[in-house]
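Below is one structure, written out as structure tokens; the observations come after it.
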Amino acid sequence: MTTLARQNDAFRQAHMPISFDGEMLRGRFVMTIRVARLDHEIVLGVLKKLREFEDFNSDNDPYGEHDFVAFSYPVDGRDQRFIFKIDYYSDASMNFASSDPVNPSATYRTGVLMLACEY
């Protein structure tokens, strides 16, 4: 597994900035308003499933970066598709892409959790 994939896994599992190999993985974790408005117990279940996701393969992770996750979770009796996407910026203003995503000091991650229909 690449360093970038390991960093993204740590960030996704923590849902916040986290220390990784002695350096801070800077960033923010957000969810769309449609996800935030779901029942509290559903949101907790979705976050747990996101944190525990390990089903990366060549179809859903062709570059081996673990920066995109798609899964289903039951909402009101039927499966709903969710997506989590990590983007890499140079700083918290999110105006420019990071020139070196694997370098924690040059990268500010933004992880977005959304319904698949919002993608």
TODO: Report yes if ARG34 is touching a residue at least 12 places away in the same chain (Cβ under 8 Å), among the basic types (Lys, Arg) and over 20 Å from PRO104 (Cβ atoms), otherwise no.
DONE: yes
Open item on the list: Cβ contacts < 9 Å: first residue closer than 25 Å to ALA70 by Cα and of a type in the set (D, E, K, R), restricted to segment 86-105; second residue exposed (fewer than 11 other Cβ atoms within 10 Å of the Cβ) and at pLDDT 95 or above, any location; separation 6+ or different chain. Result?
Closed with: none
Task: Flag for SER58 being over 14 Å from the mean Cα position of the chain (by Cα), over 17 Å from ALA14 (Cβ atoms), modelled with pLDDT under 95 and not acidic (Asp, Glu) - done: yes
TODO: Kindly provide the set of residues from segment 89-119 that are under 17 Å from GLU23 (Cβ atoms) and under 11 Å from the mean Cα position of the chain (by Cα), ordered by number.
DONE: ARG109
TODO: Provide a single number: the residues in segment 1-35 that are small (Gly, Ala, Ser) and in contact with a Leu (Cβ under 9 Å, 6 or more places away or on another chain).
DONE: 3
Open item on the list: Can you tell me which of (1) in contact (Cβ under 8 Å) with a residue 24 or more places away in the chain; (2) exposed (fewer than 13 other Cβ atoms within 10 Å of the Cβ) is the one HIS66 doesn't meet?
Closed with: (2)
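The values are calculated or read from the model by the stated rules, or taken from the named source; none is laboratory data. Just so we're clear, the structure is a prediction, and the values are computed from it rather than from any experiment. Ideal geometry is used to build each Cβ from the backbone, glycine not excepted, and the neighbour counts take in all protein chains shown.
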